[in-house]
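A quick write-up on the structure given underneath.
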Amino acid sequence: MEQPGEIKKVSMAVIKRLPKYYKYLGELMRKNVERVSSQELSKILGFTASQIRQDLNNFGEFGQQGYGYNVSQLYTEIAKILGITTNHKMVVIGAGNLGQALANYTGFSIHGFDIIGIFDKNPNLVGRKINDIPIYPVEDMEYFINKNNVDIAVLTVPRDETESIVNRLTNTAIRGIWNFTPVEINIEDRDIVVENVHLIDSLLTLSYRINESWLQERLLKQKRKDKPFGHGKNTTYMVK
Ligand code: NAI
């Protein structure tokens, strides 16, 4: 049983839904919408209204019956929970195709994630800038991270380089690693959290869903074909 003031452990499933709430509430704020009900949130986000109430109750009593949620208050609270009321400083390690694409994306800074440096071991890249962000030699990584209080390292080096870079990062003040490499990172140091991003997982899910609807269609066609006696209630199908 929880004690007053005790921090409640929230499930990962809830945490993963929070950015969706946050993004949509941001849209409502831009449209000057002042309040929103769990039913309205449900229609847009696709979670049930009771799921939404349950999710948000994890963090306090935000809603009021008959009124719904105050959009800007809820937005601010979720931002606090997500830890984005203060800006995060990031560095990208590996200025190749992916590292450069991420550094070129301006959307991160809108949410308070500022890339302030890029590191690479290739001397031909060092000294150049991507989206006005300098590329430094990777030898300077630790010094730069500690000196500039960098929170997050974005890891976009080749697979074989991952382990040595991660070892080096554990000797810095870094708080989080946004890992794009295919290597599963295990860090014993509990002060550093790792979030793995695998675009291929998302693509495989998409493929599964395409395949699923194709399978359902096939099944339906098969059912129609196998229907022996018209549309009667007692028709038996011969679907395998
Ligand atoms: P890339 O070969 O274009 O870039 C890698 C960069 O890292 C190069 O500039 C190289 O000089 C640099 N580098 C190598 N060793 C280094 C070290 N010790 N310190 C600093 N920099 C170093 O590769 P690409 O296509 O950008 O991919 C990067 C990583 O991202 C790979 O591990 C790849 O598998 C992964 N990836 C992951 C995706 C995902 O969905 N998570 C999607 C695409 C790539």
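If you take the residues of region 130-140 that are within 15 Å of the ligand (Cβ to nearest atom) and either outside the structural domain of Gly117 (by TED's automatic domain parsing) or within 25 Å of the chain's Cα centre (by Cα) (or both), which of them is surrounded by the most Cβ atoms within 10 Å (Cβ to Cβ)?
If we filter region 130-140 for residues that are within 15 Å of the ligand (Cβ to nearest atom), which is where we start, we get 130, 133-140.
Checking which are either outside the structural domain of Gly117 (by TED's automatic domain parsing) or within 25 Å of the chain's Cα centre (by Cα) (or both) leaves us with 130, 133.
Numbers: Ile130: 18, Ile133: 20.
For region 130-140, the residue satisfying everything is Ile133.
For every residue, the table says whether it meets (1) within 25 Å of Val194 (Cα to Cα); (2) in contact with a helix residue (DSSP H, G or I) (Cβ under 7 Å, 6 or more places away or on another chain).
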site	(1), (2)
Gly66	no, no
Ile78	yes, yes
Gly99	yes, no
Gly112	yes, no
Asn122	no, no
Val126	no, no
Ile135	yes, no
Asn149	yes, no
Arg159	yes, no
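If I go through region 162-188 residue by residue, how many of them are surrounded by fewer than 16 Cβ atoms within 10 Å (Cβ to Cβ), hydrophobic (A, V, I, L, M, F, W, C) and free of Cβ contacts under 8 Å to residues at least 24 places away in the same chain?
So the answer is 1.
Any residue at all in region 44-62 that is in contact with a Phe, Trp or Tyr (Cβ under 8 Å, 6 or more places away or on another chain) and touching a residue at least 40 places away in the same chain (Cβ under 8 Å)?
yes
Does at least one position in region 163-175 carry a residue that is under 21 Å from the mean Cα position of the chain (by Cα), of a type in the set (D, E, K, R), closer than 17 Å to Asn148 by Cα and in the same structural domain as Lys121 (by TED's automatic domain parsing)?
Yes, region 163-175 contains a residue that is under 21 Å from the mean Cα position of the chain (by Cα), of a type in the set (D, E, K, R), closer than 17 Å to Asn148 by Cα and in the same structural domain as Lys121 (by TED's automatic domain parsing).
Under 7 Å between Cβ atoms, which residue pairs at least 6 apart in sequence (or on different chains) link something in region 80-95 that is over 11 Å from Thr156 (Cα atoms) with a partner that is within 16 Å of the ligand (Cβ to nearest atom) and part of a strand (DSSP E or B)?
Final answer for the pair search is His88/Ile152; Met90/Ile115; Met90/Ile152; Met90/Val154.
The values are calculated or read from the model by the stated rules, or taken from the named source; none is laboratory data. The shown structure was predicted, so the numbers you read here are calculated from the model rather than taken from an experiment. We place every Cβ from the backbone using ideal geometry, glycine too, and count neighbours over all the protein chains shown.
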